[in-house]
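**Student:** Take this structure, written in structure tokens, and hold onto it; I'll ask about it next.
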Amino acid sequence: TFAFTSGTAPESGIDLEPNDNDSISNVEINHCDLHDNAGFGIVASNNKKLHGASISNISLLDNTVSNNKHYGIAMMGIISHGQVVGNHAVSNNRYDIYSTSDVSLDRMQNNTVSSGIKRIRLNATHF
């Protein structure tokens with residue numbers, strides 16, 4: 001369980017964000033409960049587009065994200081080979097599940113959303 005995280009931005013239950021020349025790869029987040037965080041439930045972000053930074057092979061599987069102040073699940077920036085499968089997102093303050101156009105998702109299926117202000121926004125390049 002990752003809950004009630006606050007303080008330093010992004011105030012998220014789980015934050016995957018590389019620094020300059022760093023990479024994040026082969027991460028599986030599975031069967032976690034992420035709720036009531038001041039930011040996101042789960043965020044993978046490569047928005048800074050730092051020199052040499054990369055995110056790849058991120059799998060978000062069978063998690064529950066609820067009552068987070070931003071998005072429940074967010075994948076933003078240049079991310080390759082992502083999976084968002086079997087998650088349940090409910091009552092997050094912004095989108096329950098969100099991705100930007102730079103994200104390449106290999107699988108996006110069997111997710112459920114309910115009661116969010118906005119449910120799903122997918123701008124991913126392919127599924």
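The values are calculated or read from the model by the stated rules, or taken from the named source; none is laboratory data. Here the structure is a predicted model, which means the values were calculated and not measured. Quick reminder, even Gly has a Cβ in these numbers, built from the backbone with ideal geometry, and neighbours come from all protein chains shown. Areas reflect the complete protein model, heavy atoms only, side chains present, ligands, DNA and RNA absent. Shrake-Rupley method; radii C 1.70, N 1.55, O 1.52, S 1.80 Å.
**Student:** Any chance you could count how many residues in segment 43-60 are open to solvent by less than 10 Å² (accessible area, probe 1.4 Å) and under 17 Å from T8 (Cβ atoms)?
**Tutor:** Result for segment 43-60: 1.
**Student:** Being among the hydrophobic types (A, V, I, L, M, F, W, C), more than 12 Å from the chain's Cα centre (by Cα) and part of a strand (DSSP E or B) is the filter here, so list the residues in segment 28-42 that pass it.
**Tutor:** Once the filter is applied, which keeps residues that are among the hydrophobic types (A, V, I, L, M, F, W, C), more than 12 Å from the chain's Cα centre (by Cα) and part of a strand (DSSP E or B), segment 28-42 yields nothing.
**Student:** Provide a single number: the residues in segment 91-100 that are under 11 Å from the mean Cα position of the chain (by Cα) and either open to solvent by less than 30 Å² (accessible area, probe 1.4 Å) or among the hydrophobic types (A, V, I, L, M, F, W, C) (or both).
**Tutor:** 4
**Student:** Give me the residue from segment 96-127 that is more than 14 Å from L60 (Cβ to Cβ) and assigned to a strand (DSSP E or B) and, out of that set, modelled with the lowest pLDDT.
**Tutor:** Here the answer is K118.
**Student:** Please work out which residue is farthest from the chain's Cα centre (by Cα), limiting yourself to segment 9-22 and to residues that are surrounded by 12 or more Cβ atoms within 10 Å (Cβ to Cβ) and closer than 20 Å to H81 by Cα.
**Tutor:** Among those residues, the one meeting the criterion is D22.
Every residue, every condition in (1) among the aromatic types (F, W, Y); (2) farther than 22 Å from T1 by Cα; (3) surrounded by fewer than 17 Cβ atoms within 10 Å (Cβ to Cβ); (4) free of Cβ contacts under 8 Å to residues at least 12 places away in the same chain, yes or no:
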{"site": "H81", "(1), (2), (3), (4)": "no, yes, yes, no"}
{"site": "A89", "(1), (2), (3), (4)": "no, no, no, no"}
{"site": "D102", "(1), (2), (3), (4)": "no, yes, no, no"}
{"site": "L105", "(1), (2), (3), (4)": "no, yes, no, no"}
{"site": "V113", "(1), (2), (3), (4)": "no, no, no, no"}
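**Student:** Residues of segment 26-61 being of a type in the set (D, E, K, R) and under 16 Å from I73 (Cα atoms), which ones?
**Tutor:** Residues satisfying the conditions are E28, D33, D36.
**Student:** Then there's this: Looking at D15, is it within 22 Å of R119 (Cα to Cα) and of a type in the set (D, E)?
**Tutor:** yes
**Student:** Just to verify a result, which residue in segment 61-79, among those that are surrounded by fewer than 24 Cβ atoms within 10 Å (Cβ to Cβ) and more than 19 Å from S115 (Cβ to Cβ), is nearest to the chain's Cα centre (by Cα)?
**Tutor:** Here the answer is M76.
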